[in-house]
Amino acid sequence: VQLQASGGGLVQAGGSLRLSCAASESIYSFNVMGWYRQAPGKQREPVVVFRSGSPDYADSVKGRFAFSTDVAKNTVYLKMNRLKPEDTAVYYCNAQLGGQTYWGQGTQVTVSS
């Protein structure tokens, strides 16, 4: 399984970005998919976990971020609105299948104040 993340960049506070994560196989294959992030000096934390057809968002991003899927493209997305400087981190897509956990390579999101 390979996960290819893209879409990060530099944006001003209040702006938007959309991250993409393309999987090497059908996203229907996975038990769980999601996005995590890791800020400098901090542990990796979940941003959104998609399980049983329902996304579970971290409190810090509720109402601002939205998870979506495109089954035909084997791709999941993270639309990030009203970005804040504290959203600055490397974002990783994650998938779980048959007891195995897979990670994308990470994409940097930097929000300037």
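The values are calculated or read from the model by the stated rules, or taken from the named source; none is laboratory data. In this text the structure is predicted, and so the values were computed from the model without any measurement. Virtual Cβ from ideal backbone geometry, glycine too; neighbours counted across all protein chains shown. Only protein heavy atoms, including side chains, enter the accessible area calculation; ligands, DNA and RNA are left aside. Shrake-Rupley method; radii C 1.70, N 1.55, O 1.52, S 1.80 Å.
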#### Entry: Per-region count, the stretch 10-66, residues over 14 Å from Asp87 (Cα atoms), touching a Leu at 6+ places or on another chain (Cβ under 7 Å) and hydroxyl-bearing (Ser, Thr, Tyr)
1
### Message
Being touching a Ser or Thr at 6+ places or on another chain (Cβ under 8 Å) and open to solvent by less than 20 Å² (accessible area, probe 1.4 Å) is the filter here; which residues of the stretch 55-77 pass it?
### Response
Thr75, Val76
### Query
How about the stretch 1-38: which of its residues are of a type in the set (A, V, I, L, M) and modelled with pLDDT of 95 or more?
Leu3, Ala5, Leu10, Val11, Ala13, Leu17, Leu19, Ala22, Ala23, Val32, Met33
#### Entry: Wholly enclosed strands (runs of 3 or more DSSP E) of the chain bearing at least 1 residues among the aliphatic types (A, V, I, L, M)
3-6, 9-12, 17-23, 32-38, 45-51, 65-70, 75-80, 89-97, 107-112
### Message
For the stretch 45-71, which positions are closer than 17 Å to Ala23 by Cα, without any contact (Cβ under 8 Å) to a residue 24 or more places away in the chain and polar (S, T, N, Q)?
### Response
Ser68
## Note on the structure
Listed by first then second residue, the pairs whose first member lies in the stretch 28-44 and is surrounded by 12 or more Cβ atoms within 10 Å (Cβ to Cβ), whose partner is part of a loop (DSSP other than H, G, I, E, B), with beta carbons under 6 Å and at least 6 positions apart or on separate chains, are Tyr36/Arg44; Gln38/Arg44
### Message
Quick check on Asn74: is it under 20 Å from Thr110 (Cα atoms) and in contact (Cβ under 8 Å) with a residue 40 or more places away in the chain?
### Response
no
### Message
Against the condition out of contact with any Asp or Glu (no Cβ under 7 Å at 6 or more places or on another chain), surrounded by 19 or more Cβ atoms within 10 Å (Cβ to Cβ) and among the small types (Gly, Ala, Ser), how does Ala23 come out, does it pass?
### Response
yes
### Query
In the stretch 80-110, which residue that is open to solvent by 10 Å² or more (accessible area, probe 1.4 Å), more than 10 Å from Arg37 (Cβ to Cβ) and hydrophobic (A, V, I, L, M, F, W, C) is modelled with the lowest pLDDT?
Leu97
